[in-house]
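Since the structure comes first, as C-alpha cells, the remarks are kept for the end.
What follows draws every value from the coordinates through simple rules; no lab data is involved. Everything numeric here is computed off the predicted structure, so don't read it as measured data. With ideal geometry, Cβ positions are generated from the backbone for all residues, glycine too; neighbour counts draw on all protein chains shown.
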Amino acid sequence: MSRFHLYLTEAQENDLRRIAQAICAPGKGILAADESTATMGKRLQQIGVENNEENRRLYRQLLFSADHKLAENISGVILFEETLHQKSDDGKTLPTLLAERNIIPGIKVDKGVVPLAGTDSETTTQGLDDLASRCAEYYKLGCRFAKWRCVLKISPHTPSYQAMLENANVLARYASICQQNGLVPIVEPEVLPDGDHDLLTAQRVTEEVLAFVYKALADHHVYLEGTLLKTQYGHCWTGLQKSLHTAGKCSSYCASPSAHSPSSCPRYDFTFWLIDLEQATVDYNQMSSFLNSSVLGITFYLVVNQNWTLLKI
C-alpha cells in the first residue's frame, strides 16, 4: 500500500507532461506579458498614451495578434490577471486568441515576497492560502501553466538554511496545488545577481538551492515531468561578465541545473534580459549546444524591456 495519497490520475499526468513538452518545443520560448497596471503605465507613458483599461487591452491585443509568425518562436505567454478577462475587438477573450494561434496561456500566481523573520533581510513568497481556488478559476479561463517566483540572495551569510528550506517548501506546495488543478508549474528559485561574489560562489549557491528545491518537490510528490524549472541568465553576476568568455559563462550556468535537476524535468527556462539582444542569442546558442549534448533541454524566457527593443522577435 502506498504511504501517500496518489492525487494525480494517469490522464492528469499525461496532460501535464504534454503541456510541458509543448511549452518547451525546440526553438520556442515563453513571452512574459504579465506587466502589472503600474508597469503598464510606464510602458504607455513612453508613447504618450493614457494608462487605462482600454489602452492596456489594445496594447495586449496588438501584441498577441500583430503577426501569426509569433507562434513560430513563442510557445507560451504569461499573462496578468486582468488580461484573462479582456476581449479582442471580435469578442474573443485574449487567452482564446492566443490558443487559436497555438500559443499556451499562462498566469503568474504568486503575490510577492514578504520578510522572513529571523533572517538577514531574506524573504519568502506569499499567495498559497487561496491558490487552489484561483488555479481552478484560471484553468476555466484558459490558462494551462503558472509561474511562481521565490527570491534568494548571496552574501557572506546568505542564503541561510532557513531561507532555502522555506522557499523550497513554498515552491513545492505551489507546484503540487497547480498540478492538482491542471496547471503546469514553472518553478523559479531566483538567486539574485547582486553582489561582488565570484562565479564559483554563484554556481555553488545555485546548486545548493536547486538541491533543496528538488528535495522538497520529491517530498510533496510533485510530478516532475509536468514541471518546468526557470533560472536566470544574462545580466547575472554583472561583475563577472567582462572577465568571462561566452563558453565559460554558459558552461557554468548550465552546470548547476544539469547537475542537480532530475532528468525527468523536461527543460530549463533561462531568462535573457537587460543585455544586448544579439549577445543573448549567441549565449543561448552556446547554452543550447551544451545542454543538448545530454538528455536535458533549454528554452528561453523573453521579457519585453522598457525600451521596447525586444518586441522585434
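Data for the structure
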read-out	value
Qualifying positions in the range 43-73 - among the hydrophobic types (A, V, I, L, M, F, W, C) and either over 16 Å from L97 (Cα atoms) or in contact (Cβ under 8 Å) with a residue 60 or more places away in the chain (or both)	L44, I47, V49, L63, L70
Scope the range 1-38; condition surrounded by 12 or more Cβ atoms within 10 Å (Cβ to Cβ), free of Cβ contacts under 8 Å to residues at least 60 places away in the same chain and more than 25 Å from A71 (Cα to Cα); matching residues	T37
Elements of type strands (runs of 3 or more DSSP E) contained in the range 82-195, each with 1 or more residues being closer than 30 Å to E53 by Cβ and touching a residue at least 60 places away in the same chain (Cβ under 8 Å)	104-108, 145-152, 184-191
Any hit, the range 135-149, residues being within 25 Å of I19 (Cα to Cα), touching a Phe, Trp or Tyr at 6+ places or on another chain (Cβ under 6 Å) and among the aliphatic types (A, V, I, L, M)	no
Of all residues in the range 197-207 being within 23 Å of R149 (Cα to Cα) and either small (G, A, S) or in a loop (DSSP other than H, G, I, E, B) (or both), the one that is nearest to the chain's Cα centre (by Cα)	A202
Residues of the range 75-103 that turn out to be within 14 Å of the chain's Cα centre (by Cα) and not hydroxyl-bearing (S, T, Y), as a count	5
Number of positions in the range 25-42 that are over 23 Å from E100 (Cβ atoms) and not in a helix (DSSP H, G or I)	1
Among residues of the range 90-126, those that are closer than 30 Å to K153 by Cβ and not acidic (D, E), counted	18
Output for the range 51-74, where each listed residue is surrounded by fewer than 21 Cβ atoms within 10 Å (Cβ to Cβ) and under 28 Å from P26 (Cβ atoms)	L62, L63, S65, A66, D67, H68, K69, L70, A71, E72, N73
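One line per residue, one yes/no per condition, for (1) touching a Leu at 6+ places or on another chain (Cβ under 6 Å); (2) within 24 Å of E225 (Cβ to Cβ); (3) part of a loop (DSSP other than H, G, I, E, B):
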residue: Q12; (1), (2), (3): no, yes, no
residue: R18; (1), (2), (3): no, yes, no
residue: I47; (1), (2), (3): no, no, yes
residue: Q61; (1), (2), (3): no, no, no
residue: F64; (1), (2), (3): yes, no, no
residue: I78; (1), (2), (3): no, yes, no
